[in-house]
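Here the structure comes first, spelled out in structure tokens, and everything after it is commentary.
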Ligand SMILES: Cc1cc2nc3c(=O)[nH]c(=O)nc-3n(C[C@H](O)[C@H](O)[C@H](O)COP(=O)(O)OP(=O)(O)OC[C@H]3O[C@@H](n4cnc5c(N)ncnc54)[C@H](O)[C@@H]3O)c2cc1C
């Protein structure tokens, strides 16, 4: 039970129920869930929302087909079930995708998985290969473990003379096609933060947690405004450490509690090329080293390829796609595609660090992708540390986190987030095209690309973004690639954007289309707008 003695200073200021450190998907998901239950919540993010791992994923709501090899049945089941729950709540930023898995009898699978060990005993002559029936069996499980209403089932494809086979080397004759979903990861984070704020949470961006100390039953959290260096102390009854790659740093350096829990940092990089093939399905490629990579249609004109697994020593070192990782992905893809691609075809790369719960697995690929939640209340006010997790399981993780939190706050409401739309997502799961058509009717000056881009980003809120504009000129200055002053101002006012980078790489991906000078012009505009806003707030 919380409450009790508080210092005189604290009693004069607001004491939050929950203080969340970290504005990635897990921090924002927990903040939203808690705020929706009536708790008072503050969240501090030292940079931009989703500026770390949560904007650097492969961007799939997926069960994780390859985890079946590790018998991670629970993780796969939960994630599969979750796909459709999430899809319904955000049909603007998430949509179904079909994945083509070309089959070839010589493909090798990772040798150390439990499945490999069993097969090596029962069918030693296979030497790391998988019989087609086993892959079909895995996909049958994948189809049925989590239930499906929206997503279509697996089917077998003949790659000869088919659009899916056309880009592939001739030795691939057969493939399996199954379902998963796409998710705009960084927008998912921002929409959770906005919804948390709409339900009463205080979202503090560019605000770093410097230290937190237990004073009787309350946490005193010292935060620093990263731009000004100003520090202040906020109080909360419970702390949530959702620092992702920094979870250990927060435990040891900021909060200074004893914990034996560890996090394993595993870097994953992606490369982006111009569009490599002419259909809207993804490929799931199996490599000779047993790893898998995806090739995914991306931002209409591009292809996204990833990912890698490399140990990463320090969360403070900015993850970057190394030339070796880039070449690894290029070689991988060239074993499947007829067209040979090289470093010159790469237009962008990005890299992120998976904060995996350290379960002692030998390889980075084998480390569990499931999450672990640990509460420490031995020294007074409680802290919840979040290890691991996937974008796909963020809502379930938040619910499970709340199971750990509510015992300290008797009377708190129960689960509520399943199926509740995120901002802009309050339309039918198959209603995207109709919404684009409506937007185009109301704003006939929008090009098809522009209208689709807006509905993908803002859904039913596209009307709020465009307001009363009757023609393009009403939207103010243009920055290129359909980005206008009105949209930028909206992002500053409603979506915590503070720099051009926030806008062109996390609120949208127009960085792929804008020239350097255009981004520099946008940066000048954003800085002058935020300076005006700050002056108004101060005066
Ligand atoms: C290459 C790659 C591919 C992936 N693909 C998928 C996928 O396709 N599907 C899927 O479901 N999952 C995927 N994942 C997993 C998923 O991206 C992560 O599990 C998830 O983003 C982790 O979110 P998080 O909130 O825990 O961490 P983060 O997003 O890293 O957020 C932590 C935040 O805490 C902030 N912070 C740290 N210290 C402080 C401090 N002292 N004060 C204030 N703020 C602080 C950081 O700035 C950061 O923004 C992938 C991960 C990687 C790396």
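Throughout, read-outs are computed from the coordinates displayed, never taken from laboratory work. None of these values were measured; they are calculated from a predicted model. In this analysis, Cβ positions are derived from the backbone assuming ideal geometry, glycine residues included, and neighbour counts consider all displayed protein chains.
At a glance:
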| item | result |
| --- | --- |
| Largest-first principal axis extents, alpha carbons of region 53-114, Å | 40, 25, 23 |
| Segments 332-343, 13-24 sorted - mean Cβ within 10 Å per residue, highest first | 13-24, 332-343 |
| Computed E for residue 77/residue 322 - FRET, C-beta separation, R0 41 angstrom, nearest 0.05 | 0.70 |
| Taking the convex hull of Cα positions in region 89-248, its mean projected area over all directions (nm²) | 16.3 |
| Residues 392, 322 arranged by fewest to most Cβ contacts within 10 Å | 322, 392 |
| Mean Cα-pair separation over length for region 269-333, i.e. relative contact order, pairs under 8 Å, 6 or more apart, % | 36 |
| Largest-first ellipsoid semi-axes for the chain, taking √(5λ) over the Cα gyration tensor eigenvalues, angstrom | 38, 31, 21 |
| Region 458-497: relative contact order as a whole-number percent, Cα under 8 Å and 6+ apart | 29 |
| Square roots of five times the Cα gyration tensor eigenvalues for region 330-472, Å | 39, 31, 13 |
| FRET efficiency, 1/(1 + (r/R0)^6) with R0 41 Å, evaluated for residue 493 and residue 275 via beta carbons | 0.75 |
| Between region 295-369 and region 439-453, the alpha-carbon center distance in angstrom | 35 |
| For region 31-73: rounded, prolate or oblate by the Cα gyration tensor [a/c cutoff 1.5] | oblate |
| Largest to smallest principal axis extent of the C-alpha atoms in region 32-144, angstrom | 60, 28, 23 |
| Percent RCO, i.e. relative contact order, over the chain, from Cα pairs under 8 Å lying at least 6 residues apart | 20 |
| Three-way shape call for region 465-516 based on the alpha-carbon gyration tensor, with the a/c threshold at 1.5 | oblate |
| The chain, helix-only ellipticity at 222 nm - DSSP H runs n ≥ 4, -39,500 (n - 2.57), divided by all residues, nearest 500 | -9000 deg cm²/dmol |
| Region 57-75 and region 472-512: distance between their alpha carbon centers, rounded to Å | 34 |
| Fewest-first sequence of 46, 140, 238 by Cβ atoms within 10 Å of each Cβ | 140, 46, 238 |
| Ranking of 506, 369 by count of other Cβ atoms within 10 Å, fewest first | 369, 506 |
| Convex hull (Cα only) mean projected area of region 418-528, reported in nm² to one decimal | 7.2 |
